[in-house]
Every structure is written in C-alpha cells, then in structure tokens.
Amino acid sequence: MQYSIRQVENLTGIKAHTLRIWENRYQFVIPHRTETNIRYYDAQQVKRLLNISTLLQKGYKVSKISELNDEELSREVLKIASGPAEGEAFFESQIAELLKATLDLDESRFEEVFNTCHLRLGFEATMLRVVSPLMERVGALWVSGQANVAQEHFISNLIRRKILVAIDSIKIQPLPDAATYLMFLPEGEWHELGLLTCKYIVKSRGARTIYLGQSLPYPDLASITLQSHPDYLLTFLTTSIHQEEIQQFLWHMRQEFPQVPLLLCGPQARLAAESLGFGTVIPSPQALIEFLSRHLKRVGTNGSKAL
C-alpha cells in the first residue's frame, strides 16, 4: 500500500516539513515518487519512521538514528518497550507497535502487545494511554478519507472484542443512589469504540448504564428516554460526515428533554457543542473519569444531586 506524506504525518506524529528536511539532510528514508513526482511511502518505510518517532521520544539524536539500519532500530525500540512502564517513550513504543500490527494486519502481534500492556498497566491505563491515542491516529486517517478501510476495521474489531470482555468482567454492582447514563450514537454515527470505552469507565465506577449502541433513530431514543428517566444522556461523536444531521438529532433531544444533561464526547464534541450552544463537552476518557468523580449520584428532579 502507498502512504502519502500527510498519512505518514498522522501515523507517526513527524511533521511533513521535518520529513522533507530529513530526506535531504540524512537520506535515511527516501520516499518513492509517482509519475507526477508526488512523494509516497511504502509500509516498510512507515514502520521505520514509527520506530524513529519512538526513539525521538526517548531523546535519541536524529544524527545517531540515521546511522541505524532497520534491525538496529527495532532492537532499540524493543529495549524501550521492555523497560519500565512509565514515560512518554514507553507509551509511544506501544502505540507504534500496534500501528505496525495494523499496517500488517497482524493479529498475533496485536495480541502480544495489547496483552503485555494489559499485564503491566491494567486495562484502563492501556485504553487511556495506548489504545485511545492509537485510534485517534487511525481515526484521523479514516475521517479524512485517507485510510485503508480494511485496516481500520481490522484494528477496530480487535479492540472492540477486548472492551466487551472487559465490560463483562466488571463485578462492581451499581451504587444504591447511582446516576443512570443513557449512552447512544446518533443516527449516522457508526464508530462505536469510543462509546464502548465510555461504558466501561462509567460501569466500572458503580454508575448505571443503558447502552443503546450505534446509529440510533431519534424516535427510539426519545421513547427510551421517556421510559427510563436517565440522569444523563451521553454520546460520542467521531465523524464530521453527517454533522448537520447529527446536530439536528441532538437539537430535537434538547427541545424534548431539556432537563436531562447532555454529555458530548469524542473528537467532534467541541464543534457540536459550539454549533448547538448547549451540551457539556467531555474531551477525553480522563475527563470522563474526572466528571464521574463529581457526578456518580443520581440527579434530583430539581437538577441537584440526590442525597
């Protein structure tokens, strides 16, 4: 597969102008050229650049990195990956390894890296520090129309399976006065990983969840909201493709259920809140954890927490 310089930038975090400078100064990654002289990179070059990005996080000098061949680069990255589970370089090495597994459609490698992170960090930290940044990079490519959809589906399905197992493994019972979070994706929104991660976070802290999943038609959401009387409505907005339809969907919910707080999560959440003029933006999984620390109890009919 061919990767444009912008795709490589999104995957590795190395800016396009930096890649061009390195091409001239160090020549350790020389891109291919199309017939119209446009740069592109193959999968092996992308994996090399992922390794380089990891070493840069660790403080390696570019001049030193340029002297290493692919095998030596991999060996240095492996040292970081097998070292203490702390510091940005460690997390970057795990993200890079999962990205390489995605590019190669290598399920065994994914399982090895994910399970290592899970054992060393725990499931939640693995999701927050490794998987969420990974999916942000893959998602940026998908939303821009640059990603190979098969690769995005490959990694998404593997991660979805892990989250579902983790959710089923939660043994915590809801607190007696726990708030209820009704969780859904508006019609036209199909990317479920973020919402599933939210469900894991909410459920693992003793709150109640009603999970309705992907692309929910408005009449059905309205009906369930009337029936279940949730304390919060929570959604996760990933795509901008159907932004107008999604905003209309949420606007109707606001008009029909103004008393129920709307929590907007995901990369499109802030834009949606600004356009709509309402909704609480939850920009990251960590922000949701902090929100829950203040809002675990059921909301009273007057909008205050129940005692």
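The values are calculated or read from the model by the stated rules, or taken from the named source; none is laboratory data. For clarity, every value in this text was computed on a predicted model and none was experimentally measured. Please note: Cβ atoms are built from the backbone with ideal geometry, for glycine as well, and neighbour counts cover all protein chains shown. Side chains are part of the model used for accessible areas, which takes the heavy atoms of the whole protein and leaves out ligands, DNA and RNA. Shrake-Rupley method; radii C 1.70, N 1.55, O 1.52, S 1.80 Å.
Tabulated data for the structure shown
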quantity: Top-ranked residue of the range 133-157 - restricted to ones that are modelled with pLDDT of 90 or more and surrounded by 17 or more Cβ atoms within 10 Å (Cβ to Cβ), ranked as farthest from the chain's Cα centre (by Cα); calculated: Phe154
quantity: Enumeration of residues in the range 52-94 that are of a type in the set (Lys, Arg) and modelled with pLDDT of 80 or more; calculated: Lys61, Lys64, Arg75
quantity: Among the candidates Ser275, Ser284, Ser215, residue that is closer than 30 Å to Ala125 by Cβ and surrounded by fewer than 18 Cβ atoms within 10 Å (Cβ to Cβ); calculated: Ser284
quantity: Criterion: closer than 21 Å to Phe154 by Cα, open to solvent by 20 Å² or more (accessible area, probe 1.4 Å) and under 24 Å from the mean Cα position of the chain (by Cα) - qualifying residue of Leu105, Leu50, Leu56, Leu99; calculated: Leu105
quantity: Selection from the range 21-44 of residues that are touching a helix residue (DSSP H, G or I) at 6+ places or on another chain (Cβ under 8 Å) and either free of Cβ contacts under 8 Å to residues at least 24 places away in the same chain or among the charged types (D, E, K, R) (or both); calculated: Val29, Ile30, Arg39
quantity: Meets criteria (modelled with pLDDT under 90 and of a type in the set (Val, Ile, Thr)) for Thr239; calculated: yes
